[in-house]
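Chemist: First the structure, then my questions, so here it is.
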Amino acid sequence: MSELREFVADLLERQGAAIEALAPDSLEVLAPATLRKQLGWPELAHLSFGTERAHGTIAIGLEGDWLDRFGTLLADEGRWSEREVRPPAAVLPPSDPERVLDRMLDLPNAVWRFQGMSATWTRCLMLAFRFTAVSDEKREGLIWLGFNLATGALVSDILARLRPTLAQMPDWHVPDLAIRQAAGPGWSAAPLAARLHPLLDWQVRENMEPFLRAMRRRLERDRNRVHSYHDDLRSASLKRLAALARADGERAEADRRRETLRVEAIEREYRAKLDDLRRNYALRVTVEWVQALDLYVPVQRFEVLIRRRKGERVVRLDWHPLVRAAEPPLCEAGLGLDRVRLVCDDKLHLTDPAGQAPCVSCGKPFCRACFPAACPRCRQAN
Ligand SMILES: [Zn+2]
Ligand SMILES: [Zn+2]
């Protein structure tokens, strides 16, 4: 709970409050008028963060709406920041770059050659999104995605390994001009959105899969229960109807009519119950951008010559000293989640295998990086 306490203390201090830490899990807050009004607190408030809450204190926890209320105080502050990070001690560059590349590159239809390695800086954009899925239950989660803006590589995994290290580095360095220049410019909104959306979509689906599986199981169970209940009622009625079929007379005729009406009512009720289930289990998913961090980090940059038929192209791939790992090669069409890349004939784009697949309509293979919108032969949209 101390992280929450520190966050609240920091936030309130920035809003002009005077803070006193009385015990490890409490704070005494002397709040200015605007803050008192926003939070509905007295002039001197005692906040408690522990499990034991003393009388007269305001209990602050992750449950309830406190985080939303503190979020309102923050508004858009802290949504975007930039930071320069260096390893605490010098890290030697890889002694055998070709071996590093050999592990990272898998190009079934092209050859590559290592051309050189140099120390430089790059800029990695780290983006956090919150997704919320609501059906009969609710699931929330955070998704982090990261791009190396100089090489175009997806570096979510590298940044995930870096995050604990970042949290332990108390000093926050803003990048200086020389490092900014070495790292190069950022991306404009359109190319970023084009890379981001399919990845985010995939990640949300991945993260929600256990939730969806459990939801489908509950839905299945409820549907079976509703079905078997109504099926029993209906079978009993149909049996009675069959028994009445051979009987004559007015009484039997009235019974038959009543039983027929009952079967119709059971069927109607069954359909209504299914509609209820459908409404109850309808899934609504929202994804919201929470935070962006521009990280300026040192790298060893590999230049790699790619050859396919008569074409040649040099691509860049970074080795990150902070986690002592190379990033995956860039992927110019498709998610590029593993390291296999196919190289296209015309522009030597690197794509994942699906990025060079045959057109679903006419069967002609084509490069989705050359033709992102539609098949060049039959114009069928991708
Ligand atoms: Zn086609
Ligand atoms: Zn291409």
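What follows draws every value from the coordinates through simple rules; no lab data is involved. What you see is a predicted model; the values in this text were computed from it and never measured. With ideal geometry, Cβ positions are generated from the backbone for all residues, glycine too; neighbour counts draw on all protein chains shown.
Chemist: If you bin the C-alpha pair distances of segment 27-80 every 5 Å from 0, what whole percents do you get?
Modeler: 4, 18, 23, 27, 18, 8, 2, 0
Chemist: Say each of THR34 and GLU20 gets a label point 7 Å from the Cα, pointing the same way as Cα to Cβ; how far apart are those two points in nm?
Modeler: 2.5 nm
Chemist: Taking the Cα centre of the chain as origin and charging only Cβ (+1 Lys, Arg; -1 Asp, Glu), how large is the dipole, in debye to the nearest 20? Provide the component values of the computation, followed by the final result.
Modeler: Details: 58 positive and 54 negative charges, 409 e Å.
Dipole of the chain, to the nearest 20 debye: 1960 debye.
Chemist: Taking the Cβ-Cβ separation of ASP232 and ALA381 as r and a Förster radius of 56 Å, what is the calculated FRET efficiency to the nearest 0.05? List each step's numbers first, then the result.
Modeler: Details: r = 50 Å, r/R0 = 0.89.
Calculated value: 0.70.
Chemist: Could you check how many percent of all C-alpha pairs in segment 229-301 are farther apart than 17 Å?
Modeler: Within segment 229-301, distances greater than 17 Å cover 66 percent of Cα pairs.
Chemist: Could you give the angle, 0 to 90 degrees to the nearest 10, between helix 156-168's Cα long axis and the longest principal axis of the Cα atoms of the chain?
Modeler: Around 70 degrees separate the two axes.
Chemist: Hey, what's the Kirkwood Rh for segment 237-382 if you take every pair of different alpha carbons, in angstrom? All intermediate terms of the calculation are to be shown ahead of the outcome.
Modeler: Details: mean 1/r = 0.0449 Å⁻¹.
Here the Kirkwood hydrodynamic radius works out to 22.3 Å.
Chemist: Oh, and also: Among LEU277, ALA254, VAL315, which residue has its Cα furthest toward the positive end of the charge dipole of segment 184-321, with +1 on Lys/Arg Cβ and -1 on Asp/Glu Cβ?
Modeler: VAL315
Chemist: Roughly how far apart, in whole Å, are the Cα centres of segment 282-340 and segment 223-271?
Modeler: Cα centres, segment 282-340 to segment 223-271: 65 Å.
Chemist: Given 10 °C and 1.306 mPa s, how large is the Stokes-Einstein diffusion coefficient of segment 297-339 in µm²/s, with Rh as the Kirkwood radius over Cα pairs? Don't skip to the answer; put the middle values down first.
Modeler: On the way: Rh = 11.9 Å.
D, rounded to a whole number, is 133 µm²/s.
Chemist: Please work through the chain and write down the cysteines that have no neighbouring cysteine Cβ at a distance under 4.7 Å.
Modeler: CYS124, CYS331
Chemist: Calculate I(q)/I(0) for segment 209-268 by the Debye formula, one identical point scatterer on each C-alpha and no solvent, and give its log10 at q = 0.12, 0.17, 0.21 Å⁻¹ to two decimals.
Modeler: -0.44, -0.63, -0.79
Chemist: Helix 2-14 sits at what angle to the longest principal axis of the chain, using alpha carbons and giving 0 to 90 degrees rounded to 10?
Modeler: Between the helix axis and the principal axis of the chain, the angle is about 70 degrees.
Chemist: To the nearest 10 degrees, how steeply does helix 189-244 sit against the main Cα axis of the chain, on a 0 to 90 scale?
Modeler: Result, in degrees: 10.
Chemist: Give me the distance between the Cα centres of segment 136-171 and segment 1-64, rounded to whole Å.
Modeler: Cα centroid of segment 136-171 versus Cα centroid of segment 1-64: 30 Å apart.
Chemist: If you don't mind, another one. Extension gain HIS197-ALA214, at 0.36 nm per residue separation less the Cα-Cα distance, in nm? Walk me through the numbers on the way to the answer.
Modeler: Values: separation 17, 0.36 × 17 = 6.12 nm, distance 2.60 nm.
Separation in residues times 0.36 nm, less the Cα-Cα distance, equals 3.5 nm.
Chemist: Can you tell me the convex hull volume per residue for the chain, based on C-alpha atoms, in Å³ to the nearest whole number? It would help to have the intermediate numbers written out before the result.
Modeler: Numbers: hull volume 98.6 nm³, N = 382.
Given the Cα convex hull of the chain, per-residue volume reads 258 Å³.
Chemist: Tell me, what are the semi-axes, in whole angstrom and largest first, of the equivalent ellipsoid of segment 136-178 as set by the roots of 5 times the Cα gyration tensor eigenvalues? Intermediate values should be presented prior to the final figure.
Modeler: Details: eigenvalues 145, 59, 20 Å².
Ellipsoid half-lengths, sorted descending, are 27, 17, 10 Å.
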